[in-house]
1. Looking at the range 105-137 only, could you name the residues that are outside any strand (DSSP E or B), among the polar types (S, T, N, Q) and either without any contact (Cβ under 8 Å) to a residue 24 or more places away in the chain or in contact with a helix residue (DSSP H, G or I) (Cβ under 7 Å, 6 or more places away or on another chain) (or both)?
2. Do you know which of the residues in the range 138-154 that are in contact (Cβ under 8 Å) with a residue 60 or more places away in the chain and either among the charged types (D, E, K, R) or part of a strand (DSSP E or B) (or both) is surrounded by the fewest Cβ atoms within 10 Å (Cβ to Cβ)?
3. Before we move on, is Ala97 under 28 Å from Asn194 (Cβ atoms), out of contact with any Gly (no Cβ under 8 Å at 6 or more places or on another chain), crowded, with 16+ Cβ neighbours inside 10 Å and not polar (S, T, N, Q)?
4. Determine the pairs where a residue that is modelled with pLDDT under 85, located within the range 1-21, has a partner that is not acidic (Asp, Glu) with Cβ atoms under 7 Å apart, the partner being 6 or more residues away or on another chain.
5. State which residue pairs qualify: first residue under 21 Å from Phe115 (Cβ atoms) and inside the range 74-85, second residue crowded, with 21+ Cβ neighbours inside 10 Å and among the charged types (D, E, K, R) in any location, beta carbons under 6 Å apart, and separation of 6 or more residues or different chains.
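The values are calculated or read from the model by the stated rules, or taken from the named source; none is laboratory data. Here the structure is a predicted model, which means the values were calculated and not measured. Cβ: placed from backbone, ideal geometry, glycine included. Neighbour counts: every protein chain shown.
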Amino acid sequence: MTKLKEELNQSYWDDRWLNKQTGWDIGYASTPLVEYFNQIDDKKLRILIPGCGNAYEAEHLVNEGFSNVHVVDISKTAIDNFLTRFPKFPRSQAIHADFFKLDSEYDIIVEQTFFCALHPTLRGAYAKKAWELLGENGKLVGLLFNTIFEHDGPPFGGRKEEYETYFEGLFHPTIMEEAMNSIPPRLGRELFINLSKRS
């Protein structure tokens with residue numbers, strides 16, 4: 001039975017981390033995101049990675065000289081694990097909080113296995129919150145699963161046609177296409193998104 005959204009709380013995610021039930025964790029920064037990051041020249045952009053987990057993408061960005069990277073996770077265990085694994089990361093930029101309660105402003109929000117961890121009933125709220133957190137000309141960039149999972153979530157799958165309904169009106173339909181450079185286990189099952197905030 002699919003869990004209710006109320007059950008997917010801090011306690012649930014702390015338990016997943018403590019029991020090492022982290023099948024989404026690939027152990028390194030995802031190739032499509034690394035290739036996107038490598039095209040960014042302004043290393044002072046404010047970047048947020050919600051539902052960061054082990055935050056390999058944040059580690060990559062910091063190692064490449066990006067100075068304004070912020071990560072957030074509802075699981076304190078995840079945040080603590082990340083800071084222990086990568087102590088170079090600025091502690092003030094590692095936030096233990098609910099994404100939906102953030103009120104800062106960012107230039108880029110990076111989506112990497114956070115959307116699929118949310119209960120599907122929160123997808124519309126996710127799109128709206130991402131829009132609210134982004135500054136003028138801000139972008140939502142990352143990966144969404146383009147597949148329906150046989151098991152109950154999380155992770156929760158979906159299709160492009162569904163996702164478009166959440167983002168239309170909030171973001172320009174810039175890019176939402178099958179990722180050509182996914183890691184082998186996810187090849188053909190991911191969409192790369194690069195959505196620009198509407199004014």
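1. Initial filter on the range 105-137 (outside any strand (DSSP E or B)): 105, 113-133.
Remaining after also requiring among the polar types (S, T, N, Q): 113, 121.
The answer is Thr121, and nothing else.
2. Just the residues of the range 138-154 that are in contact (Cβ under 8 Å) with a residue 60 or more places away in the chain, to begin with: 141-143, 152-154.
Still in the list and also either among the charged types (D, E, K, R) or part of a strand (DSSP E or B) (or both): 141-143, 152.
Values: Val141: 23, Gly142: 27, Leu143: 25, Asp152: 9.
Across the range 138-154, the extreme among qualifying residues is Asp152.
3. Values: under 28 Å from Asn194 (Cβ atoms): yes; out of contact with any Gly (no Cβ under 8 Å at 6 or more places or on another chain): yes; crowded, with 16+ Cβ neighbours inside 10 Å: no; not polar (S, T, N, Q): yes.
No; evaluated as a whole, the condition is false for this residue.
4. Here the result reads Thr2/Gly153; Lys5/His119; Lys5/Thr121; Lys5/Leu122, each pair linking the range 1-21 to a residue that is not acidic (Asp, Glu).
5. Qualifying pairs under 6 Å: Ile79/Asp73.
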